[in-house]
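What follows is calculated from the coordinates using simple rules that are stated; it is not laboratory data. Quick caveat, the model's predicted, so the values are computed rather than measured. A quick note on method: Cβ atoms are made from the backbone with ideal geometry, for glycine too, and the neighbour counts reach across all protein chains shown.
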Amino acid sequence: MRLRNIPGSRELIADSQWCIQNPEQWRGHWHQLFENKNPIHIEIGMGKGRFLMTLAGLHPDLNYIGIEKYSSVLLRALQKIEEQPLPNLKFIRMDAETIPEIFAEEEISRIYLNFSDPWPKDRHAKRRLTSMEFLARYDKILTKDGQVEFKTDNVSLFDFSLEQAQAAGWNLWACTRDLHHDDKMMEGNIMTEYEQRFSALGNPIHKLILRREET
Ligand code: SAM
């Protein structure tokens with residue numbers, strides 16, 4: 001998702017109390033920022049942020065951080081949170097490639113990846129957020145019992161993600177190729193903006209959950 005460039009969006013983000021500036025300074029100290037010891041869950045590529053805002057409202061006992069590469073997209077989330085403040089939610093504008101520079105070992109309990117960009121060309125495979133390269137980054141920051149949750153309607157990207165996870169030695173904790181007709185995996189499901197759009201077109205939603213520990 002890349003909205004047209006919005007003039008002044010970088011400045012608005014730099015001034016926002018919801019957006020963490022110089023996030024590397026909090027590495028190893030994110031609990032101090034939230035002023036509690038609650039687990040921290042992140043979404044990478046959060047888009048306009050509806051998924052995380054809904055979760056943060058439902059679970060005040062968890063901390064959430066949304067990560068988004070583009071200012072023009074993040075701005076939409078900032079506009080929403082101004083209307084509905086949530087003390088347990090923060091945002092970071094960054095490319096997730098450098099995520100181990102932002103979070104220390106075992107600082108994050110859960111990573112959500114929702115409708116990640118497919119990067120269809122083979123030569124761009126490393127940019128996919130479920131590539132082995134990204135899984136290695138997640139491995140560095142997740143707690144031992146932490147998990148990665150990934151949803152998409154893109155069958156090729158889902159197949160690729162399963163292959164990469166297996167090759168990298170992750171355990172497939174749960175998996176469905178039709179989330180909206182899987183009662184167990186649908187429990188507590190929060191629809192993202194893309195999920196709403198693609199499921200309305202009749203596309204089955206695929207979901208997997210990965211962990212490092214044995215099932
Ligand atoms: N998660 C939202 C949803 O399901 O509605 C948005 C999905 S949109 C297709 C993917 C988003 O991921 C875009 O906003 C894009 O800018 C962001 N993104 C892609 N690669 C990223 C990266 N390496 N780091 C941070 N954000 C990224």
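For the stretch 7-18, 3J(HN,Hα) computed residue by residue from phi via the Karplus equation (6.51, -1.76, 1.60; θ = phi - 60°) reads x, x, 5, 4, 5, 5, 5, 5, 8, 7, 6, 8 Hz, glycine and proline entered as x.
Counting lysine pairs in the chain whose alpha carbons fall under 16 angstrom apart, excluding pairs fewer than 8 residues apart on the same chain, gives 9. Put a plus charge on the Cβ of each Lys and Arg, a minus charge on the Cβ of each Asp and Glu, and nothing anywhere else: the dipole of the chain about its Cα centre is then about 580 debye.
Listed values for the stretch 57-71 are Karplus-derived 3J(HN,Hα) couplings in whole Hz (6.51 cos²θ - 1.76 cosθ + 1.60, θ = phi - 60°), namely x, 6, 10, x, 8, 10, 9, 10, 10, x, 10, 9, 6, 9, 4, and x replaces Gly and Pro.
Electrostatic tally near residue 51: other residues with Cβ closer than 10 Å to its Cβ, Lys and Arg +1, Asp and Glu -1, net 0. Each of 181, 112, 71 was placed along the dipole of the chain (beta-carbon charges, centred on the mean Cα), and the one lying farthest toward the positive end is 71. Per residue of the chain, the DSSP helices (runs of n ≥ 4 H) give a summed -39500 (n - 2.57) that works out to -9000 deg cm²/dmol at 222 nm.
Computed from point charges on the beta carbon alone (+1 for Lys and Arg, -1 for Asp and Glu), the dipole magnitude for the stretch 169-215 about its Cα centre is near 140 Debye.
Give, rounded to the nearest 20 debye, the magnitude of the charge dipole that the stretch 63-156 has about its Cα centre when Lys and Arg contribute +1 at Cβ and Asp and Glu contribute -1 at Cβ.
Using Cβ point charges on Lys, Arg, Asp and Glu, the stretch 63-156 gives about 300 debye.
Out of every Cα-Cα pair that the chain contains, those further apart than 27 angstrom amount to 29 percent.
Applied to the stretch 110-116, the Karplus parametrisation 6.51 cos²θ - 1.76 cosθ + 1.60 on θ = phi - 60° returns per-residue 3J(HN,Hα) values of 8, 10, 9, 10, 10, 6, 4 Hz, with x for Gly and Pro. Would you look at the GNM of the chain, springs on alpha carbons closer than 10 Å, and say which of 36, 171, 63 moves the most? Of the options given, 36 has the highest mean-square fluctuation.
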